[in-house]
Each structure stands twice: as C-alpha cells, then as structure tokens.
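Chemist: This is the structure I have questions about; it appears just below.
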Amino acid sequence: MRYCSITELKSSNYYMNDISQNSKNDIICGCSGTTSAQIQALLNQGVLDLDRISRITGALSGCGGCEFDLQVLLRNHRSQTNLED
C-alpha cells in the first residue's frame, strides 16, 4: 500500500469544490490515481458498495481522503437511478 503526501494530493487535482462539475478524468483518489470515470463505470455496472469499489480500484486504501468524494458520487448515482436508501 502506498501513502501519498499532502503535497502530492494538492498537485494531483485532488481537492474538489463541486464534484458534479469535474471532468470524468479528474482524479478522485490521489493515492491510487482512481478517476471519476472509473468510479462512474463501476457504479453503472452495479458496483454500489464502497468496500468493493475500494478493492477494485485501490481508492480508500491509502489516506482515506477520497471517502467524501466517493460517497458523493455514490449518492448522486443512487438518486439518479432512484435507488436512494
């Protein structure tokens, strides 16, 4: 497992103001390099569990700073597909 520094996070376009306005190539997880498009593809395939997304992509396995953004993507996907809890 590789941990990233704050400097790496800041330089990797990690900090997101509004996740819904970012491009599909924006990096969601600076530690694993996971992009918004990769997460969206998994969500569209029915992978709706953060633990499973983490195992597949490596996101959430480093510093954990991407957890909020992943939860936002998951919540947005569920509301768009009427799967809200």
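Chemist: Amide H neighbours of Thr35 under 5 Å, at least 5 residues apart or on other chains, H built in the peptide plane: list them.
Modeler: Distant-sequence amide H within range of Thr35: Ile28.
Chemist: Could you calculate the contour length gain from Thr81 to Glu67, that is, 0.36 nm times the residue separation minus the distance between their Cα atoms, to one decimal place in nm?
Modeler: Residue separation times 0.36 nm, minus the Cα-Cα distance, leaves 2.9 nm.
Chemist: Using packing as a proxy for protection, rank 25-33, 61-69, 39-47 so that the peptide with the highest average count of other Cβ atoms within 10 Å comes first.
Modeler: 25-33, 61-69, 39-47
Rule-based calculations on the coordinates, nothing more; no lab input. All values derive from a computational prediction rather than experimental measurement. No Cβ is skipped: glycine too gets one built from the backbone with ideal geometry, and neighbour counts run over all protein chains shown.
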